Amino acid sequence: MIGDSIAFGDGPFLFGPPQVITMPTPHSPTAVAIGDVDGDGDVDVVVPGRNVEGFAYLMLNDGGVLGTPIELVTGGQTDWVEIVDLDGDGHLDLCFAVRSLRGRLSILRGNGDGTFGEFEEIALGREPRAVVVDDLDGDGDPDIAAMNHRLPIIDILLNDGEGEFDPAPQVVISRSSVSIPFPQSIGTADFDADGDRDLVVVATGASRVFICRNRGDATFDPPEGWRPSRVNGQIGGMTDLAVGDLDLDGDEDLVVPLILIGEPSHVGIFGNQGSTASIEFDREAAFPSTELGYAYAAATGDLDGDEDLDVIVGHALPGPVMVLDNRTEPISAGGDGVIRFEPPQQIANDSFFRGLAVADLDGDCDLDVLAVELVSNSLWVLPNLTPQASGCGDGFVGRVASPAESRVSSVPSVSPEMDPARTADLDGDGVVSGADIALFLARMRNDGTPRVEPVRRSKERRRR
């Protein structure tokens, strides 16, 4: 029972024993997405991954406990999935990014009962790592922006209103000072408050976040590149992003994991300054996330019901999941609006938590945390028991998932082959930095071992 000394919304976060679901085949899960695909009122879970047989897995929710993974045939290894009604029939569909040199989307149309039709493919560029589905042209139906890791190109596909897609002009991400910027994560938000959805892309090789302003018709201004805040002189490597209004000032901010060499990993914050004429970020905020491992995945959610967004970070080698309690005092409530967090709190630990999501999985009126673990081939469901400042539930309502022992790590020690700090200059910029570690981690093979492929710099760059 929770003692009276613990105030609602005043921490610490409390999480119950995790439900750990191991995939039936070697899967190397890369992300996790949630949506009510069977129409029974609770959220179900889809986990893409680098399964050599071309499977993803669906787990249907039964009152807060996820069922046995169900195979979904996608036609290839997948790094990302969006769950959305693409064709307006009232049923949620699945849109996968198939990572291969002949990149493509794989779309599975939902039947509304947790089953899907055979996959349909749309050709893309080289090695799509992620997609985002949003109304980019303002006509009321969902369009697709697909990110190619091996090309500095974002493919734009416009919905014809019936769930079929036509290519629109591509968006070219700046090459910056490297041969390929290696886009790794993508999202959308109305950053400039002009009523349309802009694109945001993390380019791991370029160590930049790129913002592409939407002109309102799914064409975009040239990308604006932003480096994160330096930590003790270093620019951190970035692999993921999360979008949300952290300071409650009405505009969308950015959260990115920051991988550093010789320093604890941090969470970087791009604070949106709310300009409608241009996009301006305050990048002076960076907060430690852990001294163990490398920050890889980021998510946001109000975990304690106090109406602000907290931050969740997944790490690699080793892989704790850390949560940071948002302590920002918004200007609207008489505060100074400076983004602040409590020190990070660990809620899980394994080897490589590569993807995160938050959802009220057990129906108890608070947000639980879902995390996919690459090396141990598993999905972790972490039930939230934190007392909610909103008065929503009491932290113990609903079914708590079956207990599972918290594992220390599937990788007991980091061998020289597995040590990212000893990696090569993978982005070809002439130095080994956090960006190279980020690329190292992003290229882990299906068995959890690294695939190191240094970029060959051009003769011109070598002469410099």
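The values are calculated or read from the model by the stated rules, or taken from the named source; none is laboratory data. The structure displayed is predicted, hence computed values, not measured ones. Cβ: placed from backbone, ideal geometry, glycine included. Neighbour counts: every protein chain shown. These area figures cover heavy atoms from the full protein model, side chains too; ligands, DNA and RNA do not enter into them. Shrake-Rupley method; radii C 1.70, N 1.55, O 1.52, S 1.80 Å.
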Fully extended contour minus Cα-Cα distance, from Gln346 to Leu292, at 0.36 nm per residue: 18.4 nm
Efficiency of FRET from Cβ geometry, Arg102 and Arg327, R₀ 51 Å, rounded to 0.05: 0.60
Alpha carbon convex hull of region 198-240, projected area averaged over orientations, nm²: 3.2 nm²
Percent carbon-and-sulfur accessible area, the chain, ignoring ligands, DNA and RNA, probe 1.4 Å: 49 percent
Accessible area expressed per residue, region 137-203, with surrounding protein chains retained (probe 1.4 Å, Å²): 34 Å²
Accessible area in square angstrom per residue, region 242-381, 1.4 angstrom probe: 30 Å²
Longest to shortest principal axis, alpha-carbon extents of region 186-339, angstrom: 44, 39, 25
Reciprocal mean inverse distance between Cα atoms of region 1-131 - Kirkwood radius, Å: 15.9 Å
Among Phe220, Val209, Asn61 - extreme Cα towards positive end, dipole of the chain, charges at beta-carbon: Val209
Separation of the Cys392 and Asn232 label points, Cα + 7 Å toward Cβ, nm: 3.9 nm
Coil-residue chymotrypsin sites (Phe, Trp or Tyr not before Pro) of region 278-332, DSSP, other Cβ within 10 Å capped at 13: none
Sequence-separation-based contact order of region 69-223, relative, with Cα cut under 8 Å and 6+ spacing, percent: 15 percent
Zero-based 20 Å bins, Cα pair distances in the chain, whole percents: 26, 62, 13, 0
Within region 99-172: Cβ-based charge dipole about Cα centre, in debye rounded to nearest 20 (Lys, Arg +1; Asp, Glu -1): 760 debye
FRET efficiency for Asp194 and Glu162, using Cβ-Cβ distance with R0 set to 30 Å, rounded to 0.05: 0.60
Simple label model, 7 Å out from Cα along Cβ direction - Ser278 to Asp336, nm: 2.7 nm
Label-reachable residues, region 197-218, where backbone N falls under 19 Å from a point 7 Å from Ser174's Cα toward its Cβ: 198-215
Per residue accessible area of region 1-116, 1.4 Å probe, in Å²: 38 Å²
